[in-house]
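**Student:** Can you keep this structure in mind? I'll have questions shortly.
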Amino acid sequence: MSIYPLKSGWKVLDIGANVGSWTREAVRLGCTVVSCEPIAKYRQSILDAGAAIVLPVAVSDIADQITLNVGADDRFSSVHAAWVKEADSVFGWYQDVRQYTVDTMRLDRIIAVYGEFDFIKCDVEGAEPSVIRSLGEHRPKRMSLEYHGGKCLLQSMHNSTYEALELLGSDYVYRYAAESSYYVSDWLTYREAAAMLPELDWGDCLAFRTDAWEK
């Protein structure tokens, strides 16, 4: 959690909250948290972690509903069909996959209802481009996105990371962290971030709008 520069009093959004670990730490740091999690069994634990609001949705540019693929270990879930197939072939995460139809909500709609967020965390197993497309004209100040680089075994995830960076583009500066725990780069321009991606495995990428970035 140390890589996330959260500040007390911030309003933050946790997309793909899962069991609520990130939500819990953000609350501990003094943030007000809105969390999104389509898997029903996790929503009470997210509320117990201190989330102000838990939305029972997958954030997506696909309207109304989408198919969520859930593995035998239901901490592994994704709406990204290619990723599910590849992750199962490489790691066996989805041998007993279950599919559920879940409600969706666009990110620009969430912002319209709850206002602008100081920080948005997005960890949705390859569906990050869909989340970004659902922003419409909005450009959040600060985000974190799960990334998968050239050393990652999952090519579909690598492709999704490139697409997410391209969608955000030069309006942002970027910083990579490995395994969500320590930095592996300084702040980078869009072109520098895209060029570095083949050298990396996986982790989280901070994306700060250029007018909201402080060294």
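**Student:** Free of Cβ contacts under 8 Å to residues at least 24 places away in the same chain, outside the structural domain of Ala195 (by TED's automatic domain parsing) and not in a loop (DSSP other than H, G, I, E, B): which single residue out of Ala87, Ala112, Ala82 fits that description?
**Tutor:** On the way: Ala87 fails: free of Cβ contacts under 8 Å to residues at least 24 places away in the same chain; Ala82 fails: free of Cβ contacts under 8 Å to residues at least 24 places away in the same chain.
From the options Ala87, Ala112, Ala82, the qualifying one is Ala112.
**Student:** Looking at (1) within 30 Å of Val173 (Cβ to Cβ); (2) free of Cβ contacts under 8 Å to residues at least 40 places away in the same chain; (3) surrounded by 19 or more Cβ atoms within 10 Å (Cβ to Cβ), find the lone condition where Phe117 falls short.
**Tutor:** (2)
**Student:** Assess whether Val33 counts as being assigned to a strand (DSSP E or B) and under 20 Å from Ser144 (Cβ atoms). Show your work before the answer.
**Tutor:** Values: assigned to a strand (DSSP E or B): yes; under 20 Å from Ser144 (Cβ atoms): yes.
Against the criterion (assigned to a strand (DSSP E or B) and under 20 Å from Ser144 (Cβ atoms)), Val33 qualifies.
**Student:** Something else: Specify which of the listed residues (Tyr172, Tyr114) is under 19 Å from Thr104 (Cβ atoms) and aromatic (Phe, Trp, Tyr).
**Tutor:** Details: Tyr172 fails: under 19 Å from Thr104 (Cβ atoms).
Selected residue: Tyr114, the only one of Tyr172, Tyr114 that is under 19 Å from Thr104 (Cβ atoms) and aromatic (Phe, Trp, Tyr).
**Student:** How many residues, within the stretch 115-151, are in the same structural domain as Gly92 (by TED's automatic domain parsing) and part of a helix (DSSP H, G or I)?
**Tutor:** Total satisfying the criteria: 0.
**Student:** Return the residues of the stretch 31-42 that are over 15 Å from Glu116 (Cα atoms), touching a residue at least 24 places away in the same chain (Cβ under 8 Å) and touching a Leu at 6+ places or on another chain (Cβ under 9 Å); say none if nothing qualifies.
**Tutor:** To start, the set of residues in the stretch 31-42 that are over 15 Å from Glu116 (Cα atoms) comprises 36-42.
Still in the list and also touching a residue at least 24 places away in the same chain (Cβ under 8 Å): 36, 38-39, 41-42.
Once the filter is applied, which keeps residues that are over 15 Å from Glu116 (Cα atoms), touching a residue at least 24 places away in the same chain (Cβ under 8 Å) and touching a Leu at 6+ places or on another chain (Cβ under 9 Å), the stretch 31-42 yields Cys36, Pro38, Ile39.
**Student:** Can you find a residue that is surrounded by 15 or more Cβ atoms within 10 Å (Cβ to Cβ), touching a Leu at 6+ places or on another chain (Cβ under 7 Å) and outside any helix (DSSP H, G or I) anywhere in the stretch 152-166?
**Tutor:** no
**Student:** A follow-up question, please. Might you let me know whether the stretch 56-71 holds any residue that is in contact with a helix residue (DSSP H, G or I) (Cβ under 6 Å, 6 or more places away or on another chain), outside any helix (DSSP H, G or I), within 24 Å of Ala178 (Cα to Cα) and among the β-branched types (Val, Ile, Thr)? Before the answer, list the steps.
**Tutor:** First pass over the stretch 56-71, keeping only residues in contact with a helix residue (DSSP H, G or I) (Cβ under 6 Å, 6 or more places away or on another chain): 59-61, 69.
This time we only want the ones that are outside any helix (DSSP H, G or I), so: 59-61, 69.
Right, trim to within 24 Å of Ala178 (Cα to Cα) and you get none.
Within the stretch 56-71 (the criterion being in contact with a helix residue (DSSP H, G or I) (Cβ under 6 Å, 6 or more places away or on another chain), outside any helix (DSSP H, G or I), within 24 Å of Ala178 (Cα to Cα) and among the β-branched types (Val, Ile, Thr)), the answer is no, since none of the residues qualifies.
**Student:** Can you confirm whether Tyr114 is under 23 Å from Thr161 (Cβ atoms) and either of a type in the set (Phe, Trp, Tyr) or modelled with pLDDT of 90 or more (or both)?
**Tutor:** Working: under 23 Å from Thr161 (Cβ atoms): no; either of a type in the set (Phe, Trp, Tyr) or modelled with pLDDT of 90 or more (or both): yes.
No: the conditions fail for Tyr114.
**Student:** I need the full set of residues from the stretch 154-173 which are among the polar types (S, T, N, Q) and either in the same structural domain as Trp83 (by TED's automatic domain parsing) or over 18 Å from His80 (Cβ atoms) (or both), in order please. Break it down into steps so the answer makes sense when it comes.
**Tutor:** Taking the stretch 154-173 as the starting set, the residues that turn out to be among the polar types (S, T, N, Q) are 155-156, 159-161, 170.
Result: Ser170, single match.
**Student:** Among the residues of the stretch 197-212, which ones are surrounded by fewer than 17 Cβ atoms within 10 Å (Cβ to Cβ) and either within 18 Å of the chain's Cα centre (by Cα) or not hydroxyl-bearing (Ser, Thr, Tyr) (or both)? Steps first, answer last, please.
**Tutor:** So the first thing to find is which residues in the stretch 197-212 are surrounded by fewer than 17 Cβ atoms within 10 Å (Cβ to Cβ), and the list is 198-199, 201, 209-212.
Matches in the stretch 197-212: Pro198, Glu199, Asp201, Arg209, Asp211, Ala212.
**Student:** Follow-up question, since we're still on this one. Just give me the residues in the stretch 182-197 being out of contact with any Asp or Glu (no Cβ under 9 Å at 6 or more places or on another chain) and either of a type in the set (Ser, Thr, Tyr) or under 18 Å from Ser130 (Cβ atoms) (or both), in sequence order.
**Tutor:** Tyr182, Tyr183, Thr189
**Student:** Kindly indicate whether any position in the stretch 193-202 is closer than 19 Å to Phe117 by Cβ and out of contact with any His (no Cβ under 6 Å at 6 or more places or on another chain). Show your work before the answer.
**Tutor:** Filtering the stretch 193-202 down to residues closer than 19 Å to Phe117 by Cβ leaves none.
No, the stretch 193-202 contains no residue that is closer than 19 Å to Phe117 by Cβ and out of contact with any His (no Cβ under 6 Å at 6 or more places or on another chain).
**Student:** Do we have Leu55 as touching a strand residue (DSSP E or B) at 6+ places or on another chain (Cβ under 9 Å) and either within 26 Å of Glu166 (Cβ to Cβ) or without any contact (Cβ under 8 Å) to a residue 24 or more places away in the chain (or both) here? First the steps, then the outcome.
**Tutor:** Details: touching a strand residue (DSSP E or B) at 6+ places or on another chain (Cβ under 9 Å): yes; either within 26 Å of Glu166 (Cβ to Cβ) or without any contact (Cβ under 8 Å) to a residue 24 or more places away in the chain (or both): no.
Answer is no for this residue.
The values are calculated or read from the model by the stated rules, or taken from the named source; none is laboratory data. Computed from a predicted model, the values in this text were never measured in an experiment. All Cβ positions, glycine included, derive from the backbone under ideal geometry; neighbour counts span all protein chains shown.
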